[in-house]
Amino acid sequence: MYEFAVTPAITQLRRPGVSISEVAPDSLAEELGLEVNDRIVRVNGRGVRDYLDFRFQTAGETEMELVVKKANGETWEVELEREEGEDFGLMFEQIVPRQCANECLFCFCKGNPEDARPSLFVRDEDVRLSFLYGNYTTLSSVTEDEMKRIVEQRLSPQYVSIHATDLKTRALLLGVDEKRADISDKIERLLANDIEIHAQVVLCPEINDGAILEKTLRDLAAHYPKVVSTAVVPVALTRYNTDERLTRVTPEFCRRTIKQVEKLQKEFRKNLGVTFAFLGDEIYIKAGENIPSRQHYGNYPQIEDGVGMIRSFTNSFESLIKKLQKAATSAVPADNSAAVVSPKNVRTHQSAIVPNERKPDKNQNGNPELLYGTILTGEMFAPILRGQIEKLNALLDSKLHVIAVPNTYFGGDVAVAGLLTGQDYVAVKDQIVGNFAIIPKHTIKSDEPILLDGMKLDDLKARFNVPIYDMDLQDLIDKILALAA
Ligand code: SF4
């Protein structure tokens, strides 16, 4: 869900320049008299559109001239000198995303209930956010200015939804004409300018599977290493996706796809030295087949697309169990130094301004009863998590329970934890045992305590008889280690 990374476009007007959101005390910016809500509109005569422009235009410069629209309406021309590498001490407003011009058959907007909150209908497609946060774009409506900007400002890597290299199929999936769907020149131009690409295929049975999928993966692999990796993820249809051209993903379809892609992966590993084309975790789970090994995923280039997340988690958890076993036999207190840290946020670029994360609930720390409670997760992941938690319970004599929460809000094939809503949690509240419940952290907006169906976190908490904590898997592992110490 892209909307968590950005402020929805519909709430903001586009104005020239970039607005200052924070000025650090005793910083260069404070010394210059810059204040919150001032807008920097030009640097050395060049227009500034957003904070990426500001960083690009000031990088390496020690003398410069800024034009600043002050919050009080004045315009300032500020000449300054700074030490090499000296930071301004400024934070800026989030980027307002550009909207897509597609009508994808499987668009998540078409899978929302009619009364879903407005931000769930925002169709953002923005090459800046692709660079900063790893959001996928189709490049089908990217402008010449944006293409120039990617190259000039080295906005690499870009995450591109290819879906199919067969043009007719791509056009059908995007709901646009073939001319607009054809991005071959743009891809060539990016690769010729050493912009790396991570590709994605949303796999729709009977549309871009079989021979079309094989052609797509071979065409993309021909550009390795500039096309670094490709994720093949199954289309997820909610009960509101009623387009008859779409077919739901079945276990049999998943088994067939694994068989087909395994052959190609073998070939890619032999010829390229890497797996290159990765199947989404959901495909293995639906097929009832084992998740590939750690080596299969390399440095987990597509983990945030649900590719390798389960392998990463099970390896981390197994490492935790070993650590606890070792501590128990040697009577040395467990610490968390050996915890395997999941490769979190590998797609978020260091230049990205990440919205202020909500502070953890104070009650979450130091609670000795934290090992008797219930963990809520999606139906897809629950059996895997339950298997690991049972091992932990046997070792620590803890009483942690896992509940698979059905997604009644979106319905259909949606079984991932990340799309659970407030009303889904409320529907299982009578099954909670123990002193607390844990819900997946990423089901809550990162900069505001609200769930996908618009329910406020406080309202959710008020409906439960036990405290609710939001954690990601690494938080959970860290917490167990801390409590077991
Ligand atoms: S690119 Fe397609 S799936 Fe993405 S927001 Fe636009 S219409 Fe929806």
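Bear in mind that the values in this text are calculations on the coordinates, not laboratory data. Here the structure is a predicted model, which is why all the values come from computation and not from measurement. Glycine gets a Cβ as well: all are built from the backbone with ideal geometry, and neighbour counts include every protein chain shown.
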Task: Principal axis dimensions, largest first and in whole angstrom, of segment 18-92 by Cα - done: 31, 27, 20
TODO: Please report the orientation-averaged projected area of segment 90-148, defined via the convex hull of its C-alpha atoms, in nm².
DONE: 5.4 nm²
Task: Total charge dipole magnitude, segment 18-92, about the Cα centre, Cβ charges on Lys, Arg, Asp, Glu only, Debye to nearest 20 - done: 560 debye
TODO: Take the Cα atoms of the chain, find their three principal axes, and give me the spread along each one in whole Å, biggest first.
DONE: 67, 55, 47
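Let me check against my output: what whole-number percent is the relative contact order of segment 134-253, with C-alpha pairs under 8 Å and at least 6 apart? Kindly include the intermediate steps, with their values, before the conclusion.
On the way: 154 pairs, mean separation 31.2, N = 120.
Averaging sequence separation for qualifying contacts and normalising by length gives 26 percent for segment 134-253.
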Open item on the list: I need to check one value: relative contact order of the chain, counting alpha carbon pairs closer than 8 Å and at least 6 residues apart, in percent.
Closed with: 11 percent
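Past 31 Å, Cα to Cα: identify those pairs from 445/479; 186/456; 69/110; 263/322, in the order given. Intermediate results must be reported in sequence, preceding the final value.
Working: 445/479 22 Å; 186/456 43 Å; 69/110 41 Å; 263/322 34 Å.
Over 31 Å Cα-Cα: 186/456; 69/110; 263/322.
Averaging sequence separations of C-alpha pairs under 8 Å and six or more residues apart, then dividing by the length of segment 18-92, give the relative contact order as a whole percent.
Values: 135 pairs, mean separation 28.6, N = 75.
Relative contact order here is 38 percent.
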TODO: Taking the Cα centre of segment 379-485 as origin, sum charge times position over the Cβ atoms of Lys and Arg (+1) and Asp and Glu (-1), and report the length of that vector in debye to the nearest 20.
DONE: 260 debye
Open item on the list: Name the residue from 108, 133, 220 whose Cα lies farthest towards the positive end of the charge dipole of segment 103-242, charges +1 on Cβ of Lys and Arg and -1 on Cβ of Asp and Glu.
Closed with: 133
Task: Which of 25, 317, 187, positive extreme of dipole for the chain (C-beta unit charges) - done: 317
Open item on the list: If you average the alpha carbon positions of segment 153-172 and of segment 261-313, how far apart do those two centres end up, in angstrom?
Closed with: 20 Å
- [ ] Any chance you could check the Cα centroid distance between segment 377-428 and segment 226-256 for me, in angstrom?
- [x] 22 Å
- [ ] Taking 7 Å along the Cα-to-C-beta vector as the label spot, tell me the residue 166-residue 390 distance in nanometres, rounded to one decimal.
- [x] 4.3 nm
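Averaging over every viewing direction, what projected area does the convex hull of the Cα atoms of segment 54-134 cover, in nm²? Each step should come with its number before you reach the end.
Working: hull surface 34.9 nm².
The number I arrive at for segment 54-134 is 8.7 nm².
At 222 nm, what value in deg cm²/dmol follows for the chain if DSSP H runs of at least 4 each add -39500 (n - 2.57) and the sum is divided by all its residues, to the nearest 500?
Details: 15 runs with 151 residues, N = 485.
That calculation yields -9000 deg cm²/dmol at 222 nm.
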Task: Cα point-scatterer Debye curve for segment 119-193, base-10 log of I(q)/I(0) at q = 0.17, 0.20 Å⁻¹ - done: -0.65, -0.88
TODO: Using amide H atoms built 1.01 Å from N in the peptide plane, name the residues 5+ places from residue 400, or on other chains, whose amide H lies under 5 Å from its own.
DONE: 373
TODO: Would you mind classifying segment 432-484 by shape? Square roots of the alpha carbon gyration tensor eigenvalues, ordered a ≥ b ≥ c; an a/c under 1.5 is rounded, otherwise it is prolate if a/b is larger than b/c and oblate if not.
DONE: oblate
- [ ] Give the residue from 37, 99, 88 lying farthest towards the positive end of the charge dipole for segment 24-101; charges sit on Cβ (+1 for Lys and Arg, -1 for Asp and Glu) and the dipole is referred to the Cα centre.
- [x] 99
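Taking the Cα centre of the chain as origin and charging only Cβ (+1 Lys, Arg; -1 Asp, Glu), how large is the dipole, in debye to the nearest 20? Walk me through the numbers on the way to the answer.
Values: 58 positive and 73 negative charges, 390 e Å.
It comes to approximately 1880 debye.
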